[in-house]
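Chemist: Below are the structure tokens for one structure; questions will follow.
Laboratory data are not the source of any read-out in this text; all were calculated from the coordinates shown. Values in this document were obtained by computation on a predicted structure and should not be read as measured data. For neighbour counting, all protein chains shown are included, and Cβ atoms are generated from backbone atoms with ideal geometry for every residue, glycine included.
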Amino acid sequence: MANDIDRAGVAKAYARWAPIYDLVFGKVFDSGRQSTIAVADAIGGRVLDVGVGTGLSLSDYSKTTRLCGVDISEPMLRKAHERVRTLNLSNVDVLAVMDAKNLAFPADYFDAVVAQYVITAVPDPEATLDDFVRVLKPGGELILVNHIGAESGPRKLFELAFSPIARRLGWRPEFPWQRLVNWAARNRRVELAERRPMPPMGHFSLIRYRKL
């Protein structure tokens, strides 16, 4: 896609965000984070948290949930490692720098994959989603929370106008629901289990896919 984001740009953007990310985004995105964690904990077992960032979510998971966390940003992950040590989060098995589109895990490995505010911040969302499904066990769940772009009206116009700035900050604001519909139809290994609006103002959605 022309003028789209790239991996190096995203890594650079989130390296800049690392020192202030929790302060800027902690409360704004808390409802979506807690909702995805509740779903993942209900599934239990081994969970992959993609885009784990500074590890803000790690302490909120149940201690019985085994966690692996990956992120493209090494500065963000340094803060996550510090959080794991400080809080003695013994259920965190792995924290690693990794490209979300090329996960270094075997197929059918995780009971759930959680991706909070990730899909609009990767260069190739569809290929990234495909790899999430690859590492899921059959019957496992892909649990997303993300901004879903407007299909029409003033908000769509704003998202398109804001897009060049947003890309420099590390994400794309115009991401319509139809793009996920088309991906799932092509992938053919998932079924939609739930789509639920999330604060603020329902511009975000919790989306669950079950692997067939």
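Chemist: Quick one: which of 178-184, 74-80 comes out on top by average Cβ neighbours within 10 Å, and what's the full order, highest first? Don't jump to the answer; show the numbers that get you there.
Modeler: Values: 178-184: 15.7, 74-80: 18.7.
Averaged packing, sorted descending, gives the order 74-80, 178-184.
Chemist: How large is ³J(HN,Hα) for each residue in the range 86-102, as worked out from phi by the Karplus curve 6.51 cos²θ - 1.76 cosθ + 1.60 (θ = phi - 60°), to whole Hz, x for Gly and Pro?
Modeler: Calculated HN-Hα couplings, in order: 5, 9, 6, 7, 6, 8, 8, 8, 9, 10, 8, 6, 7, 7, 4, 7, 9 Hz.
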